[in-house]
Every structure is written in structure tokens, then in C-alpha cells.
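J.: The following block contains the structure, expressed as C-alpha cells.
The values are calculated or read from the model by the stated rules, or taken from the named source; none is laboratory data. In this text, all values refer to a predicted model and were calculated from it rather than measured experimentally. When we count neighbours, we look across all protein chains shown, and the Cβ atoms used for this are built from the backbone with ideal geometry, even at glycine.
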Amino acid sequence: MNKNKILVPLKNNSYEVRIKQGVINNIGEELNKIGIHKDRKLLIISNKEISKLFGEKVVNNLKKYNFHAEIFNIKAGESYKNLETLSDIYNAAFKVGLDRNSLMIALGGGIVGDVTGFAAATWLRGIEYIQIPTTLLSMVDSSVGGKTAVNHPKGKNLIGAFHQPKAVFIDPETLLTLPPREFKAGMAEVIKYGIIKDKALFEYLENKENRDKILNLENNSLIQIIKNSIQTKACIVSEDEKENGIRAILNYGHSFGHVIENLCGYGEFLHGEAIAIGMKIAGDIASEKKLWLKEDSLKQNKLIESYGLPIQTPKIKKNEVLKILMGDKKVRNGKMRFILPRGIGEVDIFNDIEESQFLKYFD
């Protein structure tokens, strides 16, 4: 068995995540291996920047294996993760003639993956799609688990569906083209996995030699942290595919992170940067409630900062914070749910946090 293949075992539609250096150059063969053969129409969704780097290689390789492949570029940026972009994809799908036997491929970061997944979930009531993530954040988080969505003016990811990919292909080489700030933002999600369920990963990330290798994009270290993160996510998703229970722990840092993204304007903070600040706030609340040791909270914050991520909360009005939190998808029966740590490698779900306990972190 290939040690860099990770099964996401689900009741229906289980699939593999394959991590392989150079895999992006041979997608046609990989599709054949999972039972997707020639003559199927493929629509690749990407953006101009990613297309310039990888689009032609992917299309040419697919054509070599007799797939009918075309690429459609959407505009880059969180502000374009919306219904208008979704409509553009539907128009492209109609133009290409995608039928129920066709396939969409998401080639890019989390925005491309989320929008493509939702387009695939809703085109002709649902067709198959493949994820080829090209950012660290999308590799370890959004490409796995089947959450697909677009944003609404009232909040992030409010319109979406659970639609699992047919497979996920991860090529660590694509990270060599990633801007350093984007890579560091992705590390926030890796650190998250260490805190919620993988103490060994947390300790691996703390080691200075390992950190230097990771930040210098050393291949084996990248594969290690990507694999460990995905194994944790696959385990949680297999237990709770539709987020009715334990899967909510994957949102550690996200409630406050989404507040920061929304109220500061998408783009001022990258997703991972906002999540880093959200984890710091959640850790501080947990310290005050004596859920975990102050020492653990300081360890978390030190680790976040050591990977070049922010922990300082921006100035945001308290009443605006409440509006966003109450509109969050994680609210149940009018009660806000928060993920708070009990120790490094363990978190829990709480719905009894008073407003005063978290609003004091905002101006």
C-alpha cells in the first residue's frame, strides 16, 4: 500500500487522497487508475494565475489520454466566491456540453475548490468532481471533506452543499510557486490539527529543525505535515460527514476568524491569518475558564507566531461581532457554539460561553 495514499472512508462515496511529487504532470494516468477513462468531457475550473503555472500541463496531459478537457478561469479573490461566479461556471458547463457523465476539476486554492465543488453538486443535480489543490491551506483543509459553498453578503459560506470529490490529488511541488504569506496562512490550519487532535504533530511543528525545513519547503517535511493533517481530517469526517457532531471541532478558531474576515473586509486578512487570531482568542477564553493550562495557551501562541502568523485582534465593534456570530452556520437553536481546547491535542464543543467572555477581546 502506498504510504502517501489516504482513504477518506465514508458510508457512501469513499475516496482517496493521493500525495505525490509531480502528480500534477500526469493527471490523465491518475484518472485512469481510479476508473475514469477516455472520452469523458472535463471542465477544469481555475484562475488566470494558476492556469499560467499549471493549466496547460494538465490540459495537454488529459488530452494525451483522450479526455475532452477545457479550462475555465474564474476571478481570483474571496470577493468573487459568490453566486455570480457560480453562474459563470454554469454558463461554461453549458457551452462545453457537460452531461451527467462529465467531470469538473478544481485546479487551485480553497476558493476555486469550494466554488467548483458547489457547481458540481448542483449542475444537473450533481456530477463528479476532482480536487487538485495548489495551496497549503486547500491541501490540508478545504479539498478534503466535501464542504462546498459560495459566500453571501450576510456571511461566509452560507450557500453550499456537502458533495464529496471523486478523488484528491496533491502535488507538493505546486507549493514552490506559492507566495510566502499564503504558505504561512496555510500553516494555521496545520497548527489547528495539532491542537484539536494530534499532539505529536504539534510537537513536530515546535521543533526548530522541522520548522526550518517546513518554511524552506523541504519536500519530505511538507509531505509529513500534509499527510498528518489529512489523516486527522479523514478520521473526523468519516465519523461525522455532515457536521452533526464531532466534525465541528474542525472549526477551532473559525468562528472568530470568520468575524475578522467579514468585518475587516475579505483580503485584509488571509483566511489562515484570521484563523490564527481566532485560535488565540479561543485559547485565551479556555485559559480563563481553566479548561487548559495557561502554559498550553502560551505554547499555542508561540507556535502560531513562529510560523509568521498574527495573534493580535484588530479593532472591531462589539455589536458587529455579535451580528456575525449569530448569523454563523455553527449556531444551533439560537445558541452559539464554540470550540475550545482542553489541552494540546484535545478540544471540546461548548454552547454555554457568555457574551462577556469573548466580547472583551474586541473593541
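J.: Please count how many residues of segment 255-268 are touching a residue at least 40 places away in the same chain (Cβ under 8 Å), part of a helix (DSSP H, G or I) and either touching a Gly at 6+ places or on another chain (Cβ under 9 Å) or within 18 Å of LEU137 (Cα to Cα) (or both).
T.: Matching residues across segment 255-268 total 7.
J.: Which condition breaks for LYS213 when tested against (1) over 19 Å from the mean Cα position of the chain (by Cα); (2) at pLDDT below 95; (3) farther than 16 Å from THR313 by Cβ?
T.: Against the list (1) over 19 Å from the mean Cα position of the chain (by Cα); (2) at pLDDT below 95; (3) farther than 16 Å from THR313 by Cβ, LYS213 comes up short only on (2).
J.: A follow-up question, please. It is to be established whether one or more residues within segment 277-285 are in a helix (DSSP H, G or I), surrounded by fewer than 18 Cβ atoms within 10 Å (Cβ to Cβ) and more than 17 Å from the chain's Cα centre (by Cα).
T.: no
J.: If you go through segment 195-205 one residue at a time, how many are touching a residue at least 60 places away in the same chain (Cβ under 8 Å) and buried (at least 16 other Cβ atoms within 10 Å of the Cβ)?
T.: Going through segment 195-205 one residue at a time, the tally reaches 6.
J.: Anything in segment 15-67 that is β-branched (Val, Ile, Thr) and in contact (Cβ under 8 Å) with a residue 60 or more places away in the chain? List them, or say none.
T.: Scanning segment 15-67 gives VAL17, ILE19, VAL23, ILE24, ILE27, ILE34, ILE36, ILE44, ILE45, ILE50, VAL58.
J.: Show me the strands (runs of 3 or more DSSP E) entirely contained within segment 13-83 in which 1 or more residues are of a type in the set (Gly, Ala, Ser) and either outside the structural domain of ILE230 (by TED's automatic domain parsing) or surrounded by fewer than 16 Cβ atoms within 10 Å (Cβ to Cβ) (or both).
T.: Hits in segment 13-83: 41-46, 68-73.
J.: Go through segment 181-194 and report how many residues are touching a residue at least 60 places away in the same chain (Cβ under 8 Å) and either over 20 Å from GLN231 (Cβ atoms) or among the polar types (S, T, N, Q) (or both).
T.: Summing the residues that are touching a residue at least 60 places away in the same chain (Cβ under 8 Å) and either over 20 Å from GLN231 (Cβ atoms) or among the polar types (S, T, N, Q) (or both) in segment 181-194 gives 4.
J.: Could you tell me which of the residues PHE362, PHE358 is at pLDDT below 95, assigned to a loop (DSSP other than H, G, I, E, B) and closer than 16 Å to PHE256 by Cα?
T.: The conditions single out PHE362.
J.: Check GLU241, GLU203 and return the single one that is part of a loop (DSSP other than H, G, I, E, B) and among the charged types (D, E, K, R).
T.: Step by step, each of GLU241, GLU203 is checked, and only GLU241 is part of a loop (DSSP other than H, G, I, E, B) and among the charged types (D, E, K, R).
J.: Only one of PRO310, PRO341 is at pLDDT 95 or above and outside any strand (DSSP E or B). Can you tell me which?
T.: Within the list PRO310, PRO341, the selection yields PRO310.
J.: On to the next question. Name the residue, out of VAL150, VAL190, VAL168, that is of a type in the set (A, V, I, L, M) and in a helix (DSSP H, G or I).
T.: Within the list VAL150, VAL190, VAL168, the selection yields VAL190.
J.: Just to be sure I understand, how many residues within segment 206-220 are in a helix (DSSP H, G or I) and either more than 13 Å from GLY308 (Cα to Cα) or not aliphatic (A, V, I, L, M) (or both)?
T.: 9
J.: In this structure, does ILE236 turn out to be at pLDDT 95 or above, under 25 Å from ILE170 (Cα atoms) and either out of contact with any Pro (no Cβ under 7 Å at 6 or more places or on another chain) or part of a helix (DSSP H, G or I) (or both)?
T.: Yes.
J.: Would it be correct to say that GLU70 is touching a residue at least 12 places away in the same chain (Cβ under 8 Å), closer than 25 Å to ILE230 by Cβ and acidic (Asp, Glu)?
T.: No; evaluated as a whole, the condition is false for this residue.
J.: If LYS166 satisfies every condition in (1) over 26 Å from GLY35 (Cα atoms); (2) basic (Lys, Arg); (3) in contact (Cβ under 8 Å) with a residue 40 or more places away in the chain but one, which is the exception?
T.: All conditions are met except number (1).
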